[in-house]
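Novice: Take this structure first; my questions come after.
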Amino acid sequence: MSSSLATRWQALHDALSAQSVQLLAVSKYTDLASIEAVAALGQVDFAESRPQQLRDRAQAYPHLRWHMIGPLQKNKAKYVAQFASMWHSLVDLDTAINVHDALPAGKTLPVLIQVNVSNESQKQGVAENDVLPLYQQLRVQCPHFSVVGMMGMAAHVAGDGEVDAIRASFRRLRQLRDRLLQDDGEVGASFAELSMGMSGDWPIAVQEGATMVRLGSVLFYEMENV
Ligand SMILES: *Cc1c(COP(=O)(O)O)cnc(C)c1O
């Protein structure tokens, strides 16, 4: 069965907005025509994993919002500072300070701390126990950031138990957020966003409390859901 980009966008948009979950269109493998097509349908938030491509596309389409979701090297920090609407993949203080120091005057950048909740050592992200210390350092050293939550990616193990492993990753991230929000004064009440869920696992992420999902292939190309 084939479906058009417009049909896929509408179905995802409707399913997610019914649950008040924000859809980020991950356009990293996509051409400009497809970006323009979904933008014409009403999609405003796009995500890129490479800083130069984020810069180029943010310059080409300044009326759209561009989220940075990939690993970042310090020498590319300025692109995120100048062009990102939100930075999801903050994993270390040094790079954060580089981004912060390159922010245009008057800009406040919403950021998410990326957390490794997958038990896979090759996955990017800070350990759960390091989230609060990093948050506190950011509060002091990066006053023009607004630290609004966390991003995480699920464990993907092959075979039996895969869905359970995915669900466990997302649940850990939500429980961590809930714990941090409950402990009085540890984090601000705005530390609420959970950026979790990609094409292969977004329905589980939504069940587990995602506030935003990052969808590439399931939107721009045809594929099966979980
Ligand atoms: C590429 C990417 C996505 C989207 O992946 P799909 O499986 O194509 O939906 C989401 N998050 C991050 C961090 C990515 O790098």
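The values are calculated or read from the model by the stated rules, or taken from the named source; none is laboratory data. What you see is a predicted model, and the numbers here were worked out from it, not measured in a lab. Ideal geometry is used to build each Cβ from the backbone, glycine not excepted, and the neighbour counts take in all protein chains shown.
Novice: Look at residue 192 and say whether it is surrounded by fewer than 21 Cβ atoms within 10 Å (Cβ to Cβ), under 16 Å from the mean Cα position of the chain (by Cα), of a type in the set (A, V, I, L, M, F, W, C) and modelled with pLDDT of 95 or more. Please lay out each step first, then the result.
Specialist: Details: surrounded by fewer than 21 Cβ atoms within 10 Å (Cβ to Cβ): yes; under 16 Å from the mean Cα position of the chain (by Cα): yes; of a type in the set (A, V, I, L, M, F, W, C): yes; modelled with pLDDT of 95 or more: yes.
Yes: the conditions hold for residue 192.
Novice: State which residue is nearest to residue 25 (Cα to Cα) when the search covers only segment 43-76 and only residues that are out of contact with any strand residue (DSSP E or B) (no Cβ under 6 Å at 6 or more places or on another chain) and charged (D, E, K, R).
Specialist: Only one residue fits best here, namely 48.
Novice: Since residue 222 meets every condition but one in (1) of a type in the set (Asp, Glu); (2) over 21 Å from residue 25 (Cα atoms); (3) within 16 Å of the ligand (Cβ to nearest atom); (4) touching a residue at least 24 places away in the same chain (Cβ under 8 Å), which condition does it not meet?
Specialist: Condition (2) is where residue 222 drops out.
Novice: In segment 52-60, is there at least one residue being exposed (fewer than 14 other Cβ atoms within 10 Å of the Cβ) and touching a Leu at 6+ places or on another chain (Cβ under 8 Å)? Steps first, please.
Specialist: Looking only at segment 52-60, we keep the residues that are exposed (fewer than 14 other Cβ atoms within 10 Å of the Cβ), and these are 52, 59-60.
Next, from what is left, pick out any that are touching a Leu at 6+ places or on another chain (Cβ under 8 Å): 60.
The answer is yes; a qualifying residue exists.
Novice: Here's another thing I want to ask about it. Within segment 177-221, can you find the residues that are among the hydroxyl-bearing types (Ser, Thr, Tyr), outside any loop (DSSP other than H, G, I, E, B) and closer than 21 Å to residue 110 by Cα? Don't jump to the end; show me each part of the working.
Specialist: Of the residues in segment 177-221, the ones among the hydroxyl-bearing types (Ser, Thr, Tyr) are 190, 195, 199, 211, 217, 221.
Add one more test, that the residue is outside any loop (DSSP other than H, G, I, E, B), and what stays is 195, 217.
195, the sole residue that qualifies.
Novice: May I pose another question? Do we find that residue 181 is at pLDDT 95 or above, among the aliphatic types (A, V, I, L, M) and within 24 Å of residue 134 (Cα to Cα) in this structure? Steps first, please.
Specialist: On the way: at pLDDT 95 or above: no; among the aliphatic types (A, V, I, L, M): yes; within 24 Å of residue 134 (Cα to Cα): yes.
Considered against the rule, which asks whether it is at pLDDT 95 or above, among the aliphatic types (A, V, I, L, M) and within 24 Å of residue 134 (Cα to Cα), residue 181 comes out as no.
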